[in-house]
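The values are calculated or read from the model by the stated rules, or taken from the named source; none is laboratory data. Computed from a predicted structure; not experimentally measured. Note that we place each Cβ from the backbone using ideal geometry, even for glycine, and neighbour counts take in every protein chain shown.
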Amino acid sequence: MELRFTLEQADYYDFYKSHFWVRIKSRLVYLIVMSLIFGYCLAYQLNSSTWLYFVYAGLPIILLILIYYQFPVWIAMRNLNSALRQNPDYFEAKTMFISPSGIKFLSGNNEVFMDWNAISRIELTPKFISLYHSDLKVFLIPKRAFDSEPEFVNCGSEVKNYIKASSKDIQLK
């Protein structure tokens, strides 16, 4: 299978935001529980009425959400902007070839070939197929590179099957 596509700045932003949102959701329960415990302890120590418990718990929740979640996202987006400015080849047209032996990306003067063992995981999101390389490098394939939704899903399934087949080969050796 051969695909041709170009990644835009908005694609990188969408990927980073969705990546951070998954991490934020996993920590949100912890933040809320800790803030409620803090608010309860503070209200108990001050012999406050019950409604102040929610005020004491709500203020730390709001402050921690602003600090604990927005600051890392802001730093990551700032670093992304810097990386995109320094590497204009991120926006070059790319050609990708999928075969049973591996996946090959061509972009400008760069050529990257990876066998399926090098892919640690694959994620299908509403906008991308994300291929995670073993050393934490991510290859994004935008949905618009496909002619239809079924082709997008079939490509994701095909890649998953190749990865599963290669991991079975490793386990047999």
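Check the range 106-115 and report whether any residue there is outside the structural domain of L28 (by TED's automatic domain parsing), outside any helix (DSSP H, G or I) and either among the hydroxyl-bearing types (S, T, Y) or under 15 Å from the mean Cα position of the chain (by Cα) (or both). Can you show your working first?
Within the range 106-115, the subset outside the structural domain of L28 (by TED's automatic domain parsing) is 106-115.
Then keep just the ones that are outside any helix (DSSP H, G or I); that gives 106-115.
After this cut, where a residue has to be either among the hydroxyl-bearing types (S, T, Y) or under 15 Å from the mean Cα position of the chain (by Cα) (or both) as well, the list is 107.
Yes, there is a match, as at least one residue in the range 106-115 is outside the structural domain of L28 (by TED's automatic domain parsing), outside any helix (DSSP H, G or I) and either among the hydroxyl-bearing types (S, T, Y) or under 15 Å from the mean Cα position of the chain (by Cα) (or both).
Give V159, V138 a once-over and let me know the one that is in contact (Cβ under 8 Å) with a residue 60 or more places away in the chain and farther than 17 Å from D11 by Cβ.
Checking each option against the conditions leaves just V159.
Could you tell me whether F105 is without any contact (Cβ under 8 Å) to a residue 12 or more places away in the chain, touching a Lys or Arg at 6+ places or on another chain (Cβ under 9 Å) and aromatic (F, W, Y)?
no
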